[in-house]
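The values are calculated or read from the model by the stated rules, or taken from the named source; none is laboratory data. It should be emphasised that the depicted structure is a prediction, and the values quoted were computed from it without experimental measurement. Backbone-built Cβ (ideal geometry, glycine too); neighbour counts: all protein chains shown.
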Amino acid sequence: MHDIKLRIATLDDLEALEEFEQGVIQYERTFAPQLKADPIHYYAIDDLIKNEDSCFVVAEVDNKLIASGYASIEEAEPTKKERFHAYLGFMYVIPEFRGRGVNGQIVEYLIKWSKQHDLSEIVIELYAENQSALQAYKKIGFHPDLLKMRLNTEE
């Protein structure tokens, strides 16, 4: 197996990350029929890379980007004990590297970053029907919290 290297994303990675973003959107369309037609964007990638309150990580093999993810410091709900938490997003691994633990390595990196910023709660959102992601995050130690439900009366 090739050596997987994790590093902080730079603006030089923008083109590949924009392709990853479309990969995330295409994958999630299975779970989200309410998404608008293409082209759509989820992330302001350059802002996340430049933001001091975010940690945007990429994984690469042989100088080719294969995965991404970020943690961002966000204000928690006023009812929560902690004022801030880390929010994880843009978790993506190119298809040929899925199932090899790359996402887990990125999440562990982001957990360490979160702890270094004194954040004790880490939040990630995923579609309830995305069982592979649900199982992967449970394996790392995440547990389901609040389940958001929707009803589309046009379906």
Open item on the list: Quick check on PHE56: is it among the aromatic types (Phe, Trp, Tyr), buried (at least 16 other Cβ atoms within 10 Å of the Cβ), part of a helix (DSSP H, G or I) and at pLDDT 95 or above?
Closed with: no
TODO: Could you check HIS2 against (1) touching a Ser or Thr at 6+ places or on another chain (Cβ under 9 Å); (2) touching a residue at least 12 places away in the same chain (Cβ under 8 Å) and say which number it fails?
DONE: (1)
TODO: Taking only segment 59-84 into account, find how many residues are among the charged types (D, E, K, R) and assigned to a strand (DSSP E or B).
DONE: 4
- [ ] Kindly indicate whether any position in segment 85-97 is β-branched (Val, Ile, Thr), in a helix (DSSP H, G or I) and surrounded by 17 or more Cβ atoms within 10 Å (Cβ to Cβ).
- [x] no
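Just checking, which of ALA76, ALA71, ALA128, ALA136 is of a type in the set (Gly, Ala, Ser) and under 17 Å from PHE20 (Cβ atoms)?
On inspection, the qualifying residue turns out to be ALA71.
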Task: Residue check for ARG83: out of contact with any Cys (no Cβ under 7 Å at 6 or more places or on another chain) and over 28 Å from LYS148 (Cα atoms) - done: no
TODO: For ARG100, work out the one condition from (1) modelled with pLDDT under 95; (2) assigned to a loop (DSSP other than H, G, I, E, B); (3) farther than 23 Å from GLU60 by Cβ it doesn't fulfil.
DONE: (3)
TODO: Give segment 117-141 a look and list any residue that's under 23 Å from ILE25 (Cα atoms), under 16 Å from the mean Cα position of the chain (by Cα) and not in a helix (DSSP H, G or I), or say none.
DONE: ILE122, VAL123, ILE124, GLU125, LEU126, TYR127, ALA128, ASN130
- [ ] For segment 4-38, enumerate the residues that are touching a helix residue (DSSP H, G or I) at 6+ places or on another chain (Cβ under 7 Å), not in a helix (DSSP H, G or I) and not aliphatic (A, V, I, L, M).
- [x] THR10
Task: Of all residues in segment 63-74 being more than 11 Å from the chain's Cα centre (by Cα) and modelled with pLDDT of 95 or more, the one that is surrounded by the fewest Cβ atoms within 10 Å (Cβ to Cβ) - done: LYS64
